[in-house]
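Colleague: Handing you this structure, nothing more for now.
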Amino acid sequence: MRCPYCGGDDTQVKDSRPTEDGSAIRRRRVCSACGGRFTTFERIQLRELTVLKRSGRRVPFDRDKLVRSVSVALRKRPVEPERIERMVSGIVRQLESTGESEVPAEQIGQLVMEGLKGLDDVAYVRFASVYRNFREAKDFEAVLGELSSDPAPE
């Protein structure tokens, strides 16, 4: 594992433990060259996923991009990081278990919206406004109408 500080490739694992949900291994590492300490995560990957964009382009699936998108929607919202991680891990597992190596971007967006609806209404509306490309206030009204017509999550 390459050191993020000096670029050295001689690092040692000092501690390993599973994450709370057991979906990854958290490793504390130290660089022999500069002494820098950092954390890495090791996850199971069932298959290489490719995202089929609306434009027709194909790009490799990037879990970190998914985490960033969800984090932007949840910025300054009272949602624990563990719940976010569980939601993202669940989405990735669903995508990998479909058996398909190509996943349409729309499918990922739908799974994120379903997950956010269960986590935080404000984040759901934020994500929907970008995902559905809202242009007018009535677009927000329609999504708010969807939220108020759904039974409250328990």
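Every read-out reported here was derived from the displayed coordinates using simple, explicitly stated rules and does not represent laboratory data. Being a predicted model, the structure only gives us computed values, none of them experimental. Positions of Cβ are generated from backbone atoms using ideal geometry, with glycine treated the same way; all protein chains shown enter the neighbour counts.
Colleague: Taking the Cβ of THR11 as the centre, find all other residues whose Cβ is under 10 Å away and add up their charges (Lys, Arg: +1; Asp, Glu: -1).
Modeller: On the way: positive: ARG2, LYS14, ARG27, ARG29, ARG37; negative: ASP9, ASP10.
Local net charge: +3.
Colleague: Using a simple spin-label model with points 7 Å from Cα along the Cα→Cβ vector, what separation in nm is obtained for VAL13 and THR39?
Modeller: Label at VAL13, label at THR39, 1.7 nm between them.
Colleague: Hey, how many Å between the Cα centroid of the range 13-38 and the Cα centroid of the range 118-139?
Modeller: 37 Å
Colleague: If the only charges are +1 at each Lys and Arg Cβ and -1 at each Asp and Glu Cβ, what is the size of the charge dipole of the range 1-44 around the Cα centre, to the nearest 20 debye?
Modeller: On the way: 9 positive and 6 negative charges, 18 e Å.
Using only the charged Cβ atoms, the result is roughly 80 debye.
Colleague: Here's a follow-up. What's the extension gain from CYS6 to VAL130 if we count 0.36 nm per residue and subtract their Cα-Cα distance? Could you put the intermediate results ahead of the total?
Modeller: Numbers: separation 124, 0.36 × 124 = 44.64 nm, distance 3.77 nm.
Full extension from CYS6 to VAL130 adds 40.9 nm.
Colleague: Taking the Cα centre of the range 46-149 as the origin, how large is its charge dipole in debye, to the nearest 20, when only Lys and Arg (+1) and Asp and Glu (-1) carry charge on their Cβ atoms? Walk me through the intermediate numbers first.
Modeller: Details: 19 positive and 17 negative charges, 71 e Å.
In debye, rounded to 20, the range 46-149 gives about 340.
Colleague: Which whole-Hz couplings ³J(HN,Hα) result when phi for each residue of the range 130-144 is put into the Karplus expression 6.51 cos²θ - 1.76 cosθ + 1.60, θ = phi - 60°, listed in order with x for Gly and Pro?
Modeller: Taking θ as phi minus 60°, the curve returns 7, 4, 8, 6, 4, 10, 9, 4, 5, 5, 5, 4, 5, 5, 5 Hz for the range 130-144.
Colleague: Residues with beta-carbon under 15 Å from that of ARG29, excluding ARG29: net charge, scoring Lys, Arg +1 and Asp, Glu -1?
Modeller: On the way: positive: ARG2, LYS14, ARG17, ARG26, ARG27, ARG28, ARG37; negative: ASP9, ASP10, ASP15, GLU42.
Taking every other residue near ARG29 into account, the sum is +3.
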